[in-house]
Every structure is written in structure tokens, then in C-alpha cells.
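Asks: Take a look at this one; I'll ask things after.
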Amino acid sequence: NRDWKGQAARDRSRMEAQSHETCLIARDLDEKSSSADAAIQALRPQLNDELWPGGQNILSSIKYTAESIEWKNIVLIDDYIGSGKKINKKKTYIRSLQPIPKNIYICTFASQNSLSYKIPNDCTFFCYKKLEKGISGTENEEQEISDLNMISDISNRFHKLKKPYHYGFEKTEALFLPENLNCPNNVFGIFWHKAYNSKYEKPLFPRTKK
């Protein structure tokens, strides 16, 4: 987190010249809060108070913001991007409001390396750390199959997890947890889902639904 904030401080001058036309958003289209809200608050101390007074550029409503002619640059903030589905929905919604021109920037602490090709060319993508899948992607296919089967077996026997979450949402196989933030559902489900019929009922990592 410190390294990421330091990088943000070094890069902020790029946006300060247009700060009066730039806003930062963490909320999803359903306007519900998420761990991205905490991520955006972590950035606030890095913003020059003269050019970003009182955090007035940090907004909660993506729908209202996207429709406003006041903002020319929209920065979508997230703590982690796994499958890219939600972030692309936000981008698509903003683009659907043309002819109002918007420059869209996607900024995240971390993302899956495989996500890069899913980011559209009509927006700018900033990511501090790109992650590989936790199991898949090695040269030992036999070991991969064995490990994935073990994860699936544990998920079924002790956690009664729905299959889509055995390997994390969209089979992302993520191994990432932002400090003091919500555990993404892209992480292997056995790390954040409550176990059943076991003395180890409390999950290793905290995760709350919206």
C-alpha cells in the first residue's frame, strides 16, 4: 500500500492541471458501497488540497457523474480487478451517454495479468501490481489438475461452496488481499467462505457482501 500511494503521489501532477474537470469514483452502477470506497479514501491524503479542495472531486454516484457536463475526466478507482466484468460495465455505461465526451481512466491497486487484454482501448489503465493465477499457468499440468481437484474437494466437503467460487469468481484463482480491506470473491473460496461441520468455522480472510 505504501509503495502504491507513493507512486500515486509522484504521478498526481499529471492530473492536477485538469483537476477541476476530473472526478474519482469507486461505486458500482447499483450505487452500493464496496471495498473500493476504502481504497479511494486511502488516496485522499495524496491529493493536493488546493486543487482538490475538500474532496469535492470524490463522488459517490457514477450515474449522476457520468451525465454531468462538468466532468471531462472520470477516474474509476478499485482495490482489485479480477474478471473485469464490473469495470467494463461502468465504462460501457459512461460511453452510452455520448455525445458527452469523457476521458476514462481505470486505476486499481492490483489486477489479474490476464485482464490486460480485456481492457478496452478507449480508456487508460493504471495498475500497481499484476497477478498470475494461483495454480494454473505452470508447465506441470498434472500437478495443476491435482491441486485444483484438491481445492474443489475441500470446497465441497467443508464449505459447501457453489462451484463458481471453488477457484474464485470466474475461475480467477486469485491470491490477493488488500490490507484492512474486504477479501475479493475472486480469491479461492476456501479462504473467505465459512466452513461447515468443522471447528474451524471462521474463515481465514474476512469478506462481507455488499
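The values are calculated or read from the model by the stated rules, or taken from the named source; none is laboratory data. Computed from a prediction, not measured in an experiment: that's the story for all the values here. All Cβ positions, even for glycine, are placed from backbone atoms using ideal geometry, and neighbour counts span all protein chains on display. Side chains included, ligands, DNA and RNA excluded: accessible areas come from the protein's heavy atoms. Shrake-Rupley method; radii C 1.70, N 1.55, O 1.52, S 1.80 Å.
Asks: Select from the stretch 13-51 the residues that are of a type in the set (Lys, Arg) and at pLDDT 65 or above and write down the one among them that is most open to solvent (accessible area, probe 1.4 Å).
Replies: Going residue by residue through the stretch 13-51, those that are of a type in the set (Lys, Arg) are 14, 27, 32, 44.
Retained after the next criterion (residues that are at pLDDT 65 or above): 27, 32, 44.
On the way: ARG27: 57, LYS32: 107, ARG44: 89 Å².
Checked the stretch 13-51; the qualifying residue most open to solvent (accessible area, probe 1.4 Å) is LYS32.
Asks: Does SER68 satisfy the condition of being at pLDDT 70 or above, surrounded by 18 or more Cβ atoms within 10 Å (Cβ to Cβ) and either in contact with a Cys (Cβ under 9 Å, 6 or more places away or on another chain) or closer than 30 Å to LYS171 by Cβ (or both)?
Replies: Working: at pLDDT 70 or above: yes; surrounded by 18 or more Cβ atoms within 10 Å (Cβ to Cβ): no; either in contact with a Cys (Cβ under 9 Å, 6 or more places away or on another chain) or closer than 30 Å to LYS171 by Cβ (or both): yes.
Considered against the rule, which asks whether it is at pLDDT 70 or above, surrounded by 18 or more Cβ atoms within 10 Å (Cβ to Cβ) and either in contact with a Cys (Cβ under 9 Å, 6 or more places away or on another chain) or closer than 30 Å to LYS171 by Cβ (or both), SER68 comes out as no.
Asks: Report, by residue number, each residue of the stretch 90-108 that is closer than 25 Å to LEU181 by Cβ and modelled with pLDDT under 85. Spell out the reasoning first.
Replies: So the first thing to find is which residues in the stretch 90-108 are closer than 25 Å to LEU181 by Cβ, and the list is 90-91, 93-94, 104-108.
Listed by number, the residues that qualify are LYS90, LYS91, TYR93, ILE94.
Asks: I need the full set of residues from the stretch 165-190 which are polar (S, T, N, Q) and out of contact with any Ser or Thr (no Cβ under 8 Å at 6 or more places or on another chain), in order please.
Replies: Within the stretch 165-190, the subset polar (S, T, N, Q) is 172, 180, 182, 185-186.
Result: ASN180, ASN185.
Asks: Hey, another quick one. Just to be sure before I move on: is SER136 of a type in the set (Gly, Ala, Ser), modelled with pLDDT of 85 or more, assigned to a helix (DSSP H, G or I) and farther than 22 Å from ALA39 by Cβ in the structure I sent? Show your work before the answer.
Replies: Numbers: of a type in the set (Gly, Ala, Ser): yes; modelled with pLDDT of 85 or more: yes; assigned to a helix (DSSP H, G or I): no; farther than 22 Å from ALA39 by Cβ: yes.
Criteria not met by SER136.
Asks: While we're looking at this one, here's another question. Take GLU179 and tell me if it is open to solvent by 60 Å² or more (accessible area, probe 1.4 Å), of a type in the set (D, E, K, R) and modelled with pLDDT of 85 or more.
Replies: On the way: open to solvent by 60 Å² or more (accessible area, probe 1.4 Å): yes; of a type in the set (D, E, K, R): yes; modelled with pLDDT of 85 or more: no.
No; evaluated as a whole, the condition is false for this residue.
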